[in-house]
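First up is the structure itself, then whatever we jot down about it.
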Amino acid sequence: MWARRALDALYWCSAALAAFCLFGIFAIMMAQMGLRQFGIPLPGADDLTAFLCVGSAFFALGFTFRRGELIRVGLAIERLGPQARRVAEGSVLVMAGVLVGYIVWWTGNDVLFSYQIEDRAQGSVAFLLWIPKLAMPVGAGVLLIAILDEFVTVLMGRKPAYVVAAEDRAARGDFSAEV
């Protein structure tokens with residue numbers, strides 16, 4: 001189905017952006033280390049590294065959620081029968097959707113406000129702050145889409161991808177993501 005492929009591509013692209021941010025942090029740190037040998041500072045490196053840390057965290061959310069690798073306590077829900085579990089999963093996904101929607105709304109407003117006032121970083125390089133702040137509503141937006149995706153899956157009576165992923169890991173004897 002084209003919608004499934006498009007959503008999976010969205011999650012993958014968001015994870016790729018997170019990986020790019022991590023690589024950017026590595027590249028900046030290596031450049032700082034190399035330039036330090038010659039007594040040359042790298043202006044704005046601390047700010048840029050901080051921006052990339054936020055990007056790596058937010059861009060990874062949707063992909064990580066779908067793979068069942070976000071922290072999830074299943075102590076109570078795993079003891080429920082199939083129908084009760086479906087209701088509980090749906091309820092929790094609705095609450096998560098509301099919370100993440102709230103985060104998307106406020107971080108989006110913060111980006112818009114920073115853009116309107118031309119907010120700039122106070123460090124050695126005056127970065128326009130709305131650009132790195134975009135990682136928050138975009139990454140949280142991808143997470144919101146993933147939550148809605150899983151909610152539809154639960155409504156259709158199927159297991160969410162994060163449950164399937166956890167079951168696959170358990171079948172392989174990998175309990176590294178379980179709490």
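The values are calculated or read from the model by the stated rules, or taken from the named source; none is laboratory data. Predicted model, so just to flag it, every value in this text is computed and none were measured. As a convention, Cβ positions derive from the backbone with ideal geometry for all residues, glycine included, and neighbour counts pool all protein chains shown.
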Neighbours by Cβ (under 9 Å, 6+ apart or cross-chain): first from segment 118-138, more than 26 Å from Gly101 (Cα to Cα); second crowded, with 17+ Cβ neighbours inside 10 Å and of a type in the set (Asp, Glu): Ala121/Asp47; Gln122/Asp47; Gly123/Asp47; Ser124/Asp47; Val125/Asp47; Phe127/Asp47
Any idea how many residues of segment 34-66 are under 12 Å from the mean Cα position of the chain (by Cα) and not in a helix (DSSP H, G or I)? 1
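Give segment 130-179 a look and list any residue that's acidic (Asp, Glu) and either more than 30 Å from Cys53 (Cβ to Cβ) or assigned to a helix (DSSP H, G or I) (or both), or say none. Walk me through it before giving the result.
Narrowing segment 130-179 to residues acidic (Asp, Glu): 149-150, 167-168, 174, 178.
Residues satisfying the conditions are Asp149, Glu150, Glu167, Asp168.
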Identify all residues within segment 116-129 that are of a type outside the set (Val, Ile, Thr) and outside any helix (DSSP H, G or I); write none if there are none. Glu118, Asp119, Arg120, Ala121, Gln122, Gly123, Ser124, Ala126, Phe127, Leu128, Leu129
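With the condition kept exactly as written, say whether any residue in segment 65-77 is β-branched (Val, Ile, Thr), at pLDDT 95 or above, out of contact with any Leu (no Cβ under 6 Å at 6 or more places or on another chain) and loosely packed, with under 13 Cβ neighbours inside 10 Å.
Of segment 65-77, the ones β-branched (Val, Ile, Thr) are 71, 73, 77.
Among the residues that remain, those that are also at pLDDT 95 or above are: none.
Within segment 65-77, none of the residues are β-branched (Val, Ile, Thr), at pLDDT 95 or above, out of contact with any Leu (no Cβ under 6 Å at 6 or more places or on another chain) and loosely packed, with under 13 Cβ neighbours inside 10 Å.
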Restricting to segment 81-137, and then to whatever is within 22 Å of Phe59 (Cβ to Cβ) and among the charged types (D, E, K, R), can you tell me which residue is farthest from the chain's Cα centre (by Cα)? Asp119
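Name the single residue that is surrounded by the fewest Cβ atoms within 10 Å (Cβ to Cβ) among those in segment 1-15 being among the small types (Gly, Ala, Ser) and in contact (Cβ under 8 Å) with a residue 12 or more places away in the chain. Walk me through it before giving the result.
To start, the set of residues in segment 1-15 that are among the small types (Gly, Ala, Ser) comprises 3, 6, 9, 14-15.
In the following step, the residues that additionally are in contact (Cβ under 8 Å) with a residue 12 or more places away in the chain were identified as 14-15.
Details: Ser14: 24, Ala15: 19.
Taking the candidates together, the pick is Ala15.
Among the residues of segment 139-179 satisfying the criterion of being of a type in the set (Phe, Trp, Tyr) and in contact (Cβ under 8 Å) with a residue 60 or more places away in the chain, which is farthest from Leu93 (Cα to Cα)?
Going through segment 139-179, the residues of a type in the set (Phe, Trp, Tyr) turn out to be 151, 162, 175.
Still in the running and in contact (Cβ under 8 Å) with a residue 60 or more places away in the chain: 151, 162.
On the way: Phe151: 6, Tyr162: 12 Å.
Taking the candidates together, the pick is Tyr162.
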Tell me whether segment 98-111 contains one or more residues that are closer than 28 Å to Ala45 by Cβ, surrounded by 14 or more Cβ atoms within 10 Å (Cβ to Cβ), in contact (Cβ under 8 Å) with a residue 12 or more places away in the chain and polar (S, T, N, Q). yes
Against the condition modelled with pLDDT of 90 or more and of a type in the set (Lys, Arg), how does Arg86 come out, does it pass? yes
